[in-house]
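Report on the structure given below.
The values are calculated or read from the model by the stated rules, or taken from the named source; none is laboratory data. This one's a predicted model, so the numbers in the text were calculated from it and none came from an experiment. We place every Cβ from the backbone using ideal geometry, glycine too, and count neighbours over all the protein chains shown. To get the accessible areas, we keep the full protein, side chains included, count just its heavy atoms, and leave off ligands, DNA and RNA. Shrake-Rupley method; radii C 1.70, N 1.55, O 1.52, S 1.80 Å.
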Amino acid sequence: MKIRLNSIKLKLTLFYTLILVVLLLIFHFTAYAFLSFGLFNNLDDSLIKDLNKAQQAILQTNDDDLPKVLDEMNGSSKDLIFIYDVETNEVLGSSYVDQNVRSTLLKFVTIGTITYAQLLNTSDNKIHLYVSSLNVDTDPGKMIVVTHDTDYIYATLVEYREILFAAIPFILLFSAISGYLLAGFFLRPAKAIIKTANSIDPAELTDRIPVKSHDELGILSGTLNSLFDKIYGFIDRQRQFAANTSHDLKSPLSIIKMEASLALKKDRTADEYKKALNSIDEEADRLNSMVKDLLALATIDSAPLRAGTTALDLSDVVNDILDRWRAPFAVKGIQLERSIATGMKVTGDGRHFSGIVDNLVKNAYQYTPSGGRVTCSLEGDNDNIVLKIADTGIGIDKEHLSRIFDRFYRVDKETSGNGLGLPIVEGTVKMYGGRITVESELGKGSMFTVYLPKGRYFV
Ligand code: ADP
(Lines give C-alpha, C1' and ligand atoms only; values in the text may rest on other atoms or scores of the structure.)
Protein backbone atom coordinates (compact mmCIF):
# COMPACT_ATOMS: atom_id res chain seq x y z
CA MET A 1 0.00 0.00 0.00
CA LYS A 2 1.48 3.32 -1.11
CA ILE A 3 1.10 6.11 1.46
CA ARG A 4 0.95 9.66 0.05
CA LEU A 5 2.30 12.19 2.51
CA ASN A 6 -0.09 15.01 1.65
CA SER A 7 -3.21 12.91 1.23
CA ILE A 8 -6.43 13.75 3.09
CA LYS A 9 -6.48 10.13 4.22
CA LEU A 10 -3.19 10.49 6.06
CA LYS A 11 -4.03 13.92 7.42
CA LEU A 12 -7.37 12.66 8.77
CA THR A 13 -5.69 9.63 10.34
CA LEU A 14 -2.95 11.70 11.99
CA PHE A 15 -5.44 14.27 13.19
CA TYR A 16 -7.77 11.72 14.76
CA THR A 17 -4.89 9.73 16.24
CA LEU A 18 -3.59 12.92 17.86
CA ILE A 19 -7.03 13.64 19.27
CA LEU A 20 -7.22 10.05 20.52
CA VAL A 21 -3.82 10.42 22.25
CA VAL A 22 -4.98 13.57 24.01
CA LEU A 23 -8.32 11.97 24.98
CA LEU A 24 -6.61 8.80 26.23
CA LEU A 25 -4.17 10.83 28.34
CA ILE A 26 -6.99 12.93 29.79
CA PHE A 27 -9.00 9.77 30.44
CA HIS A 28 -5.99 8.07 31.97
CA PHE A 29 -5.13 10.88 34.37
CA THR A 30 -8.75 11.37 35.38
CA ALA A 31 -9.33 7.66 35.92
CA TYR A 32 -6.05 7.42 37.84
CA ALA A 33 -7.02 10.33 40.09
CA PHE A 34 -10.49 8.87 40.73
CA LEU A 35 -9.12 5.39 41.41
CA SER A 36 -6.49 6.72 43.81
CA PHE A 37 -8.99 8.98 45.57
CA GLY A 38 -11.50 6.10 45.84
CA LEU A 39 -8.98 3.63 47.25
CA PHE A 40 -7.67 6.04 49.89
CA ASN A 41 -11.22 7.05 50.77
CA ASN A 42 -12.27 3.43 51.20
CA LEU A 43 -9.29 2.80 53.41
CA ASP A 44 -10.03 5.81 55.59
CA ASP A 45 -13.72 4.85 55.84
CA SER A 46 -12.88 1.37 56.99
CA LEU A 47 -10.23 2.70 59.43
CA ILE A 48 -12.68 5.03 61.13
CA LYS A 49 -15.32 2.29 61.35
CA ASP A 50 -12.78 -0.08 62.92
CA LEU A 51 -11.65 2.63 65.32
CA ASN A 52 -15.21 3.25 66.53
CA LYS A 53 -15.84 -0.46 66.92
CA ALA A 54 -12.58 -0.98 68.83
CA GLN A 55 -13.23 2.04 71.07
CA GLN A 56 -16.65 0.67 72.09
CA ALA A 57 -15.18 -2.73 72.84
CA ILE A 58 -12.20 -1.34 74.84
CA LEU A 59 -14.39 0.96 76.94
CA GLN A 60 -16.41 -2.08 78.04
CA THR A 61 -13.32 -4.06 78.97
CA ASN A 62 -11.47 -4.22 82.33
CA ASP A 63 -7.91 -2.95 82.30
CA ASP A 64 -6.70 -6.49 83.11
CA ASP A 65 -8.42 -8.02 80.10
CA LEU A 66 -7.27 -5.25 77.80
CA PRO A 67 -4.15 -6.94 76.31
CA LYS A 68 -6.15 -10.07 75.53
CA VAL A 69 -8.99 -8.11 73.93
CA LEU A 70 -6.50 -6.11 71.86
CA ASP A 71 -4.82 -9.34 70.74
CA GLU A 72 -8.14 -10.75 69.67
CA MET A 73 -9.01 -7.60 67.80
CA ASN A 74 -5.70 -7.57 65.94
CA GLY A 75 -6.15 -11.22 65.11
CA SER A 76 -9.51 -10.69 63.47
CA SER A 77 -8.90 -7.29 61.81
CA LYS A 78 -6.70 -6.43 58.87
CA ASP A 79 -5.86 -3.14 60.61
CA LEU A 80 -3.39 -2.73 63.41
CA ILE A 81 -5.18 -1.61 66.59
CA PHE A 82 -3.34 -0.48 69.69
CA ILE A 83 -3.43 1.93 72.63
CA TYR A 84 -0.87 4.67 72.79
CA ASP A 85 0.08 6.33 76.04
CA VAL A 86 1.04 9.88 75.29
CA GLU A 87 2.81 10.47 78.60
CA THR A 88 5.08 7.45 78.46
CA ASN A 89 5.15 7.05 74.69
CA GLU A 90 4.29 3.40 75.20
CA VAL A 91 2.25 1.16 73.04
CA LEU A 92 -0.19 -1.49 74.30
CA GLY A 93 -1.73 -4.19 72.14
CA SER A 94 0.79 -4.66 69.42
CA SER A 95 4.24 -6.11 69.54
CA TYR A 96 5.33 -4.25 66.46
CA VAL A 97 4.51 -0.67 65.63
CA ASP A 98 6.29 0.94 62.74
CA GLN A 99 8.89 3.56 63.68
CA ASN A 100 7.25 5.99 61.33
CA VAL A 101 3.95 5.58 63.16
CA ARG A 102 5.66 6.18 66.52
CA SER A 103 7.34 9.38 65.39
CA THR A 104 4.08 10.62 63.79
CA LEU A 105 2.21 10.00 67.03
CA LEU A 106 4.99 11.66 69.03
CA LYS A 107 4.91 14.67 66.78
CA PHE A 108 1.17 15.29 66.50
CA VAL A 109 -0.45 13.83 69.59
CA THR A 110 -0.38 15.56 72.99
CA ILE A 111 -2.50 14.91 76.07
CA GLY A 112 -6.18 15.62 75.60
CA THR A 113 -5.72 16.99 72.10
CA ILE A 114 -7.85 14.55 70.23
CA THR A 115 -11.50 14.30 71.25
CA TYR A 116 -12.76 12.84 68.01
CA ALA A 117 -11.24 10.54 65.44
CA GLN A 118 -8.53 12.25 63.48
CA LEU A 119 -6.61 11.07 60.45
CA LEU A 120 -2.81 11.25 60.50
CA ASN A 121 -0.42 10.19 57.80
CA THR A 122 3.15 9.13 58.24
CA SER A 123 5.61 11.47 56.60
CA ASP A 124 5.95 9.19 53.54
CA ASN A 125 2.14 8.70 53.34
CA LYS A 126 2.79 4.97 53.58
CA ILE A 127 0.60 4.41 56.60
CA HIS A 128 -2.73 5.97 57.46
CA LEU A 129 -3.68 6.10 61.10
CA TYR A 130 -6.83 7.18 62.90
CA VAL A 131 -6.32 8.45 66.41
CA SER A 132 -8.87 9.28 69.07
CA SER A 133 -8.73 9.79 72.85
CA LEU A 134 -9.94 6.66 74.54
CA ASN A 135 -11.72 8.61 77.20
CA VAL A 136 -10.97 12.33 77.50
CA ASP A 137 -12.52 12.72 80.95
CA THR A 138 -11.04 9.77 82.82
CA ASP A 139 -7.82 9.11 80.93
CA PRO A 140 -6.86 11.99 78.59
CA GLY A 141 -3.35 10.65 77.98
CA LYS A 142 -4.47 7.38 76.38
CA MET A 143 -5.21 7.24 72.69
CA ILE A 144 -6.70 4.46 70.64
CA VAL A 145 -4.93 4.13 67.29
CA VAL A 146 -5.96 2.16 64.19
CA THR A 147 -3.42 1.96 61.34
CA HIS A 148 -3.16 0.37 57.95
CA ASP A 149 -0.37 0.59 55.46
CA THR A 150 -1.14 1.84 51.96
CA ASP A 151 1.21 -0.41 50.02
CA TYR A 152 -1.65 -2.35 48.45
CA ILE A 153 -3.11 0.94 47.13
CA TYR A 154 0.17 1.94 45.51
CA ALA A 155 0.55 -1.54 44.09
CA THR A 156 -2.94 -1.39 42.59
CA LEU A 157 -2.24 2.06 41.10
CA VAL A 158 1.07 0.90 39.60
CA GLU A 159 -0.63 -2.15 38.12
CA TYR A 160 -3.37 0.03 36.63
CA ARG A 161 -0.79 2.40 35.16
CA GLU A 162 1.23 -0.43 33.65
CA ILE A 163 -1.80 -2.05 32.04
CA LEU A 164 -2.88 1.27 30.61
CA PHE A 165 0.55 2.25 29.27
CA ALA A 166 0.90 -1.17 27.71
CA ALA A 167 -2.58 -0.89 26.13
CA ILE A 168 -2.25 2.69 24.80
CA PRO A 169 0.25 1.90 21.98
CA PHE A 170 -1.96 -0.99 20.82
CA ILE A 171 -5.09 1.18 20.94
CA LEU A 172 -3.32 3.92 18.97
CA LEU A 173 -1.90 1.52 16.42
CA PHE A 174 -5.25 -0.18 15.95
CA SER A 175 -7.14 3.09 15.64
CA ALA A 176 -4.53 4.59 13.26
CA ILE A 177 -4.62 1.58 10.93
CA SER A 178 -8.41 1.21 11.02
CA GLY A 179 -8.83 5.01 10.67
CA TYR A 180 -6.52 5.03 7.65
CA LEU A 181 -8.37 2.15 6.01
CA LEU A 182 -11.80 3.66 6.78
CA ALA A 183 -10.77 7.09 5.46
CA GLY A 184 -9.52 5.36 2.31
CA PHE A 185 -12.82 3.51 1.98
CA PHE A 186 -14.96 6.63 2.30
CA LEU A 187 -12.70 8.70 0.06
CA ARG A 188 -12.84 6.18 -2.79
CA PRO A 189 -15.24 8.40 -4.81
CA ALA A 190 -12.52 11.09 -4.79
CA LYS A 191 -10.28 8.66 -6.68
CA ALA A 192 -13.04 8.09 -9.23
CA ILE A 193 -13.47 11.86 -9.63
CA ILE A 194 -9.72 12.33 -10.23
CA LYS A 195 -9.60 9.37 -12.63
CA THR A 196 -12.56 10.62 -14.68
CA ALA A 197 -11.32 14.23 -14.70
CA ASN A 198 -7.88 13.05 -15.88
CA SER A 199 -9.19 10.78 -18.59
CA ILE A 200 -11.97 13.02 -19.89
CA ASP A 201 -11.57 14.10 -23.50
CA PRO A 202 -12.64 17.76 -23.83
CA ALA A 203 -13.74 17.17 -27.43
CA GLU A 204 -16.03 14.28 -26.47
CA LEU A 205 -16.89 14.89 -22.81
CA THR A 206 -18.91 11.68 -22.67
CA ASP A 207 -17.35 10.08 -19.55
CA ARG A 208 -19.23 10.53 -16.28
CA ILE A 209 -18.20 9.92 -12.68
CA PRO A 210 -19.97 6.89 -11.15
CA VAL A 211 -22.22 8.08 -8.30
CA LYS A 212 -22.47 5.35 -5.67
CA SER A 213 -23.32 7.25 -2.49
CA HIS A 214 -25.37 10.22 -1.41
CA ASP A 215 -22.78 11.74 0.91
CA GLU A 216 -20.84 14.95 0.17
CA LEU A 217 -18.58 13.22 -2.35
CA GLY A 218 -21.61 11.64 -4.04
CA ILE A 219 -23.21 15.10 -4.29
CA LEU A 220 -19.94 16.54 -5.62
CA SER A 221 -19.76 13.79 -8.26
CA GLY A 222 -23.36 14.47 -9.27
CA THR A 223 -22.67 18.21 -9.48
CA LEU A 224 -19.58 17.62 -11.62
CA ASN A 225 -21.56 15.26 -13.87
CA SER A 226 -24.27 17.87 -14.44
CA LEU A 227 -21.52 20.42 -15.11
CA PHE A 228 -20.07 18.04 -17.71
CA ASP A 229 -23.60 17.69 -19.19
CA LYS A 230 -23.93 21.45 -19.47
CA ILE A 231 -20.47 21.88 -21.01
CA TYR A 232 -21.19 19.00 -23.37
CA GLY A 233 -24.53 20.59 -24.37
CA PHE A 234 -22.81 23.92 -24.90
CA ILE A 235 -19.99 22.43 -26.99
CA ASP A 236 -22.53 20.41 -28.97
CA ARG A 237 -24.60 23.52 -29.72
CA GLN A 238 -21.45 25.40 -30.77
CA ARG A 239 -20.46 22.49 -33.02
CA GLN A 240 -23.93 22.43 -34.54
CA PHE A 241 -23.84 26.18 -34.91
CA ALA A 242 -20.47 26.13 -36.68
CA ALA A 243 -21.65 23.35 -39.02
CA ASN A 244 -24.89 25.18 -39.85
CA THR A 245 -23.10 28.50 -40.28
CA SER A 246 -20.59 27.12 -42.75
CA HIS A 247 -23.34 25.28 -44.58
CA ASP A 248 -25.52 28.38 -44.87
CA LEU A 249 -22.63 30.64 -45.83
CA LYS A 250 -21.56 28.16 -48.44
CA SER A 251 -24.67 28.32 -50.64
CA PRO A 252 -24.70 32.11 -51.37
CA LEU A 253 -20.92 31.96 -51.83
CA SER A 254 -21.21 29.10 -54.34
CA ILE A 255 -23.96 30.98 -56.20
CA ILE A 256 -21.77 34.12 -56.37
CA LYS A 257 -18.83 32.03 -57.57
CA MET A 258 -20.95 30.19 -60.11
CA GLU A 259 -22.60 33.35 -61.53
CA ALA A 260 -19.23 35.11 -61.81
CA SER A 261 -17.52 32.11 -63.47
CA LEU A 262 -20.39 31.63 -65.89
CA ALA A 263 -20.42 35.32 -66.83
CA LEU A 264 -16.66 35.30 -67.42
CA LYS A 265 -16.60 32.11 -69.46
CA LYS A 266 -17.32 33.94 -72.76
CA ASP A 267 -18.39 37.35 -73.97
CA ARG A 268 -21.92 38.19 -72.84
CA THR A 269 -24.49 40.78 -73.73
CA ALA A 270 -24.98 43.75 -71.40
CA ASP A 271 -28.31 42.22 -70.28
CA GLU A 272 -26.67 38.91 -69.40
CA TYR A 273 -23.97 40.70 -67.36
CA LYS A 274 -26.69 42.73 -65.63
CA LYS A 275 -28.62 39.56 -64.73
CA ALA A 276 -25.48 37.91 -63.36
CA LEU A 277 -24.56 41.00 -61.33
CA ASN A 278 -28.11 41.24 -59.96
CA SER A 279 -27.96 37.65 -58.82
CA ILE A 280 -24.53 38.27 -57.23
CA ASP A 281 -25.92 41.40 -55.55
CA GLU A 282 -28.87 39.46 -54.08
CA GLU A 283 -26.61 36.74 -52.73
CA ALA A 284 -24.23 39.35 -51.29
CA ASP A 285 -27.25 40.90 -49.52
CA ARG A 286 -28.16 37.48 -48.11
CA LEU A 287 -24.59 37.01 -46.95
CA ASN A 288 -24.58 40.47 -45.45
CA SER A 289 -27.76 39.92 -43.47
CA MET A 290 -26.58 36.50 -42.30
CA VAL A 291 -23.25 37.87 -41.10
CA LYS A 292 -25.15 40.65 -39.28
CA ASP A 293 -27.36 38.04 -37.56
CA LEU A 294 -24.34 35.89 -36.73
CA LEU A 295 -22.62 38.87 -35.16
CA ALA A 296 -25.76 39.61 -33.12
CA LEU A 297 -25.82 35.99 -31.89
CA ALA A 298 -22.11 36.05 -31.13
CA THR A 299 -22.65 39.18 -29.00
CA ILE A 300 -25.51 37.52 -27.11
CA ASP A 301 -23.37 34.40 -26.57
CA SER A 302 -20.25 36.22 -25.45
CA ALA A 303 -21.97 38.72 -23.14
CA PRO A 304 -25.40 37.35 -22.30
CA LEU A 305 -25.74 39.73 -19.36
CA ARG A 306 -24.74 42.94 -21.12
CA ALA A 307 -28.18 44.57 -21.25
CA GLY A 308 -28.09 48.30 -21.95
CA THR A 309 -28.51 51.05 -19.39
CA THR A 310 -30.35 53.82 -21.28
CA ALA A 311 -33.74 54.99 -20.00
CA LEU A 312 -36.27 54.41 -22.79
CA ASP A 313 -39.97 54.52 -23.51
CA LEU A 314 -40.80 51.07 -24.86
CA SER A 315 -44.17 52.32 -26.15
CA ASP A 316 -42.33 54.75 -28.45
CA VAL A 317 -39.89 52.07 -29.61
CA VAL A 318 -42.76 49.71 -30.57
CA ASN A 319 -44.77 52.49 -32.28
CA ASP A 320 -41.70 53.52 -34.33
CA ILE A 321 -41.17 50.01 -35.65
CA LEU A 322 -44.85 49.59 -36.46
CA ASP A 323 -44.83 52.94 -38.31
CA ARG A 324 -41.93 51.71 -40.44
CA TRP A 325 -43.85 48.57 -41.39
CA ARG A 326 -47.07 50.42 -42.22
CA ALA A 327 -46.25 50.85 -45.94
CA PRO A 328 -45.08 47.26 -46.68
CA PHE A 329 -48.19 45.90 -44.90
CA ALA A 330 -50.44 48.21 -46.91
CA VAL A 331 -48.74 47.18 -50.17
CA LYS A 332 -49.15 43.45 -49.37
CA GLY A 333 -52.73 44.05 -48.30
CA ILE A 334 -52.35 42.98 -44.64
CA GLN A 335 -54.18 44.84 -41.92
CA LEU A 336 -51.79 46.05 -39.20
CA GLU A 337 -53.54 46.81 -35.91
CA ARG A 338 -52.00 48.04 -32.71
CA SER A 339 -52.94 48.54 -29.07
CA ILE A 340 -49.96 50.10 -27.35
CA ALA A 341 -50.21 51.23 -23.74
CA THR A 342 -48.38 54.53 -23.25
CA GLY A 343 -45.42 55.33 -21.03
CA MET A 344 -43.86 51.88 -20.62
CA LYS A 345 -40.53 52.85 -19.14
CA VAL A 346 -37.55 50.55 -19.57
CA THR A 347 -33.82 50.62 -19.02
CA GLY A 348 -31.75 49.04 -21.77
CA ASP A 349 -30.42 49.34 -25.27
CA GLY A 350 -32.95 50.71 -27.79
CA ARG A 351 -31.51 48.49 -30.55
CA HIS A 352 -32.29 45.39 -28.50
CA PHE A 353 -35.99 46.24 -28.15
CA SER A 354 -36.26 47.42 -31.79
CA GLY A 355 -34.66 44.13 -32.86
CA ILE A 356 -37.20 42.06 -30.89
CA VAL A 357 -40.24 43.91 -32.30
CA ASP A 358 -38.84 44.18 -35.83
CA ASN A 359 -38.03 40.46 -36.10
CA LEU A 360 -41.46 39.40 -34.85
CA VAL A 361 -43.33 41.89 -37.06
CA LYS A 362 -41.17 40.91 -40.06
CA ASN A 363 -42.06 37.23 -39.54
CA ALA A 364 -45.77 38.07 -39.16
CA TYR A 365 -45.53 40.04 -42.40
CA GLN A 366 -43.63 37.28 -44.20
CA TYR A 367 -45.87 34.41 -43.14
CA THR A 368 -49.25 36.12 -43.48
CA PRO A 369 -50.83 36.15 -46.94
CA SER A 370 -52.52 39.26 -48.26
CA GLY A 371 -55.97 39.86 -46.83
CA GLY A 372 -54.74 38.74 -43.41
CA ARG A 373 -54.40 40.67 -40.18
CA VAL A 374 -51.53 41.29 -37.78
CA THR A 375 -52.17 42.67 -34.31
CA CYS A 376 -49.54 44.09 -32.02
CA SER A 377 -50.23 44.94 -28.38
CA LEU A 378 -48.12 46.21 -25.49
CA GLU A 379 -49.44 46.28 -21.94
CA GLY A 380 -48.26 45.87 -18.38
CA ASP A 381 -49.57 43.62 -15.60
CA ASN A 382 -48.36 43.39 -12.01
CA ASP A 383 -45.29 41.34 -12.86
CA ASN A 384 -44.45 41.88 -16.52
CA ILE A 385 -44.54 44.11 -19.52
CA VAL A 386 -46.23 41.96 -22.14
CA LEU A 387 -45.69 42.35 -25.90
CA LYS A 388 -47.97 40.30 -28.19
CA ILE A 389 -47.70 39.95 -31.94
CA ALA A 390 -50.48 37.85 -33.46
CA ASP A 391 -51.15 37.07 -37.10
CA THR A 392 -53.72 35.22 -39.15
CA GLY A 393 -50.98 33.68 -41.30
CA ILE A 394 -49.96 30.18 -42.31
CA GLY A 395 -49.34 29.00 -38.73
CA ILE A 396 -46.76 26.47 -37.58
CA ASP A 397 -47.26 22.72 -37.32
CA LYS A 398 -46.90 21.19 -33.82
CA GLU A 399 -43.87 19.13 -34.85
CA HIS A 400 -41.95 22.32 -35.72
CA LEU A 401 -43.23 24.52 -32.91
CA SER A 402 -40.69 23.42 -30.31
CA ARG A 403 -37.78 23.89 -32.74
CA ILE A 404 -38.37 27.31 -34.24
CA PHE A 405 -36.11 28.95 -31.63
CA ASP A 406 -33.20 26.68 -32.64
CA ARG A 407 -30.47 28.36 -34.64
CA PHE A 408 -30.87 27.98 -38.42
CA TYR A 409 -34.16 26.16 -38.02
CA ARG A 410 -36.61 26.90 -40.82
CA VAL A 411 -39.93 25.14 -41.34
CA ASP A 412 -39.86 25.66 -45.09
CA LYS A 413 -36.35 25.72 -46.56
CA GLU A 414 -37.68 27.28 -49.76
CA THR A 415 -38.76 30.53 -48.14
CA SER A 416 -36.27 33.35 -47.72
CA GLY A 417 -34.67 33.78 -44.31
CA ASN A 418 -31.86 32.08 -42.48
CA GLY A 419 -33.51 30.77 -39.32
CA LEU A 420 -31.59 33.15 -37.04
CA GLY A 421 -34.29 35.75 -36.34
CA LEU A 422 -36.14 33.94 -33.53
CA PRO A 423 -32.95 32.72 -31.78
CA ILE A 424 -31.75 36.35 -31.71
CA VAL A 425 -35.12 37.48 -30.32
CA GLU A 426 -35.07 34.76 -27.65
CA GLY A 427 -31.42 35.51 -26.70
CA THR A 428 -32.17 39.22 -26.38
CA VAL A 429 -35.32 38.64 -24.31
CA LYS A 430 -33.35 36.36 -21.96
CA MET A 431 -30.68 39.03 -21.66
CA TYR A 432 -33.35 41.14 -19.94
CA GLY A 433 -34.51 38.28 -17.73
CA GLY A 434 -37.62 37.67 -19.85
CA ARG A 435 -39.12 34.81 -21.84
CA ILE A 436 -40.93 34.30 -25.12
CA THR A 437 -43.75 31.87 -25.88
CA VAL A 438 -45.55 30.90 -29.08
CA GLU A 439 -49.01 29.58 -29.77
CA SER A 440 -49.86 28.55 -33.29
CA GLU A 441 -52.32 26.58 -35.35
CA LEU A 442 -51.54 25.42 -38.85
CA GLY A 443 -53.50 27.47 -41.39
CA LYS A 444 -54.98 29.77 -38.75
CA GLY A 445 -52.13 31.89 -37.48
CA SER A 446 -49.58 32.38 -34.73
CA MET A 447 -49.15 34.50 -31.63
CA PHE A 448 -45.75 35.33 -30.12
CA THR A 449 -45.79 36.69 -26.55
CA VAL A 450 -42.79 38.33 -24.90
CA TYR A 451 -42.81 38.69 -21.10
CA LEU A 452 -40.34 41.21 -19.67
CA PRO A 453 -40.32 41.03 -15.87
CA LYS A 454 -40.72 44.28 -13.97
CA GLY A 455 -37.98 45.21 -11.54
CA ARG A 456 -34.41 45.50 -12.71
CA TYR A 457 -34.95 46.78 -16.27
CA PHE A 458 -38.65 47.53 -16.46
CA VAL A 459 -40.67 49.91 -14.33
P1 ADP B 1 -36.45 33.13 -40.67
O2 ADP B 1 -35.45 34.13 -40.94
O3 ADP B 1 -36.30 31.89 -41.46
O4 ADP B 1 -37.84 33.66 -40.62
P5 ADP B 1 -36.79 32.83 -37.84
O6 ADP B 1 -35.87 32.32 -36.82
O7 ADP B 1 -37.33 34.19 -37.68
O8 ADP B 1 -36.07 32.63 -39.21
O9 ADP B 1 -38.00 31.82 -37.89
C10 ADP B 1 -37.79 30.44 -37.91
C11 ADP B 1 -38.93 29.74 -38.60
O12 ADP B 1 -40.12 29.86 -37.81
C13 ADP B 1 -39.29 30.31 -39.91
O14 ADP B 1 -38.53 29.72 -40.93
C15 ADP B 1 -40.73 29.99 -40.04
O16 ADP B 1 -40.92 28.73 -40.63
C17 ADP B 1 -41.26 29.96 -38.64
N18 ADP B 1 -41.98 31.18 -38.26
C19 ADP B 1 -41.52 32.23 -37.57
N20 ADP B 1 -42.46 33.15 -37.40
C21 ADP B 1 -43.58 32.68 -37.99
C22 ADP B 1 -44.93 33.17 -38.14
N23 ADP B 1 -45.33 34.33 -37.64
N24 ADP B 1 -45.80 32.38 -38.78
C25 ADP B 1 -45.44 31.19 -39.29
N26 ADP B 1 -44.19 30.67 -39.19
C27 ADP B 1 -43.28 31.41 -38.53
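Rounded to the nearest 20 debye, the dipole size of segment 203-276 about its Cα centre is 540 debye, using +1 on the Cβ of Lys and Arg and -1 on the Cβ of Asp and Glu.
Could you tell me which residue out of H28, V97, T147 lies farthest along the dipole of segment 8-155 toward its positive end? Charges go on the beta carbon: Lys and Arg +1, Asp and Glu -1, centred on the Cα centre. Highest projection toward the positive end goes to H28. For segment 324-420, the set of GluC sites (Glu not before Pro) satisfying both a DSSP loop assignment and a count of at most 12 other C-beta atoms within 10 Å is given as E414. Once the Cα atoms are used to define both axes, helix 188-199 deviates from the longest principal axis of the chain by about 30 degrees.
Dividing the alpha-carbon radius of gyration of the chain by the rule-of-thumb value 2.2 N^0.38 Å gives 2.28. Shape summary of segment 306-453, radius of gyration then Dmax from alpha carbon positions: 14.7, 42 Å. Checking every one of the trypsin sites (Lys or Arg not before Pro) in segment 92-165 against DSSP loop status and a limit of 15 other Cβ atoms within 10 Å picks out K126. Give the Debye-formula value of log10 I(q)/I(0) at each listed q (0.14, 0.25 Å⁻¹), with one equal scatterer per alpha carbon of segment 356-438, two decimals each. Values, matching the q order: -0.51, -1.46.
Charges only on Cβ, +1 for Lys and Arg, -1 for Asp and Glu: so what's the dipole of the chain about the Cα centre, in debye to the nearest 20? List each step's numbers first, then the result.
Values: 50 positive and 57 negative charges, 740 e Å.
For this selection, approximately 3560 debye.
Accessible area ranking (1.4 Å probe, heavy atoms, ligands and nucleic acids excluded), largest first, for T138, T299: T138, T299.
For segment 8-155, the Cβ-based charge dipole about the Cα centre amounts to some 1200 debye (Lys, Arg positive; Asp, Glu negative; other atoms uncharged). When you count the other C-beta atoms within 10 angstrom of each residue and take the mean per peptide, 446-452, 76-82 line up highest first as 446-452, 76-82. Computed with a 1.4 Å probe on the full set of protein chains, the accessible area for K11 sits at about 120 Å².
Rounded to the nearest 10 degrees, the inclination of helix 314-332 to the longest alpha-carbon principal axis of the chain is 30 degrees. Distance from the Cα centroid of segment 233-269 to that of segment 385-400 is 31 Å (rounded to whole angstrom). Axis angle, to the nearest 10 degrees, between helix 350-366 and the longest C-alpha principal axis of the chain: 50 degrees.
Rolling a 1.4 angstrom probe over the protein heavy atoms, how many square angstrom per residue are accessible across segment 1-71? Write down the numbers at each step before the final one.
On the way: 5130 Å² over 71 residues.
Here the per-residue accessible area is 72 Å².
Of the listed residues L92, L294, the order by accessible area with a 1.4 Å probe, largest first, is L92, L294. Selection among I81, S199, V438 by position relative to the dipole of the chain gives V438 as farthest towards the positive end (Cβ unit charges, Cα centre).
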